[in-house]
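Take a look at the structure set out below.
What follows draws every value from the coordinates through simple rules; no lab data is involved. What you see is a predicted model; the values in this text were computed from it and never measured. Because the Cβ atoms are built from the backbone with ideal geometry, glycine has one as well, and the counts that use them run over all protein chains shown.
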Amino acid sequence: MKKFFIFLYILFFSINLHANETNKNFFKYVDNGNTEKVVEYLNNGVNINAQDINGKTALMTAVYNNDVYMVRTLMKYNPDVNIQDKSKNSPFLYAGAKGYLDILKLIYKKADTRNVVNIYGGNALIPACEKGHLDTVIFLLENTDINVNHINKLSWTALLEVTVLGNDNKNYQEIVKVLLKHGADKNIKDNSGKTALDYAKERNLKNIERLLL
């Protein structure tokens, strides 16, 4: 009986070792953009949602690389776009934050825009606004059910984020207009008791201030 259990242990160890090596090679091909090899591995049963030591899935790796072609290939195998890595990034959150609009268009229909949040407790819209990704902001608001008034751990909404961290150029003005058009509440206060208008005045964002009056 003891020999039998030893045999099972060795067998289990060998299977896991082989699976780990297979996944390692799979991720290498994803990272290198080798779609031919990636498809081969997927067709041979590799788990599309397997995660590496940093919690990244193949899709997350492709999104980090802004590899649109790889993302398009992987999406044919129905990956989970909401899995988060150890940095709390998901493919949808990261693509939104970086303004990777072509990737967003490939994955947004499968994204949980309400419950999956980043390390700051924010949705994809907030960093997109902060970084000035106007086209991404428009796309998110027009094509998803993302909450325009979501409040992150810093007590900021997308509108507050613009006035706290953005500037007064035309791009940010247009973002403010789009946010207001889609129901952004300019009366929400952060933990300091300040509204977006308060920050616009404080930071001398004259053009944005006029939009918020």
Over the range 49-120, what is the mean sequence separation of C-alpha contacts under 8 Å (at least six apart), divided by residue count, expressed as relative contact order in percent?
31 percent
Convex hull (Cα only) mean projected area of the chain, reported in nm² to one decimal:
14.4 nm²
Pick out, from V46, N207, G132, the residue whose Cα sits farthest towards the positive end of the charge dipole of the chain, with +1 on the Cβ of Lys and Arg and -1 on the Cβ of Asp and Glu.
V46
Total formal charge among the other residues, if their Cβ is under 12 angstrom from that of I146, Lys/Arg +1 and Asp/Glu -1
-2
Classify the range 157-213 as rounded, prolate or oblate from the Cα gyration tensor: take a ≥ b ≥ c as the square roots of its eigenvalues, call it rounded if a/c is under 1.5, otherwise prolate when a/b beats b/c and oblate if not.
oblate
Length-normalised contact order for the chain - Cα pairs under 8 Å, 6+ apart - percent:
12 percent
Which of the aspartates and glutamates could a cross-linker span from K109 if the Cα-Cα distance has to be under 18 Å and same-chain partners fewer than 8 positions apart are dropped?
D80, D135, E142, D145
Across the range 113-213, how many lysine pairs separated by 8 or more positions, or lying on different chains, have Cα atoms within less than 15 Å?
8
In order over the range 28-45: 3J(HN,Hα) from phi, Karplus 6.51/-1.76/1.60, θ = phi - 60°, whole Hz, x for each Gly or Pro, gives 4, 5, 4, 5, 7, x, 8, 5, 4, 5, 4, 4, 4, 5, 5, 5, 9, x
Points 7 angstrom from Cα along the Cβ direction at I53 and K86: gap in nanometres?
0.8 nm
P(r) tail fraction, the range 47-156 - alpha-carbon pairs more than 26 Å apart, %
11 percent
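Any idea what the dipole of the chain comes to, in debye rounded to 20, about its Cα centre with Lys/Arg Cβ at +1 and Asp/Glu Cβ at -1?
Details: 27 positive and 22 negative charges, 56 e Å.
With only Lys, Arg, Asp and Glu charged at Cβ, the dipole is about 260 debye.
If R₀ is 25 angstrom, what is the calculated FRET efficiency for the pair L213 and D135, using the beta carbon separation as r and rounding to 0.05? Could the numbers behind the result be given before it?
Values: r = 27 Å, r/R0 = 1.06.
The computed FRET efficiency comes out at 0.40.
Would you kindly give the portion of the calculated P(r) for the range 123-185 that falls above 20 Å, as a percent of all Cα pairs? Intermediate results must be reported in sequence, preceding the final value.
Numbers: 229 of 1953 pairs.
Percent of Cα pairs beyond 20 Å in the range 123-185: 12.
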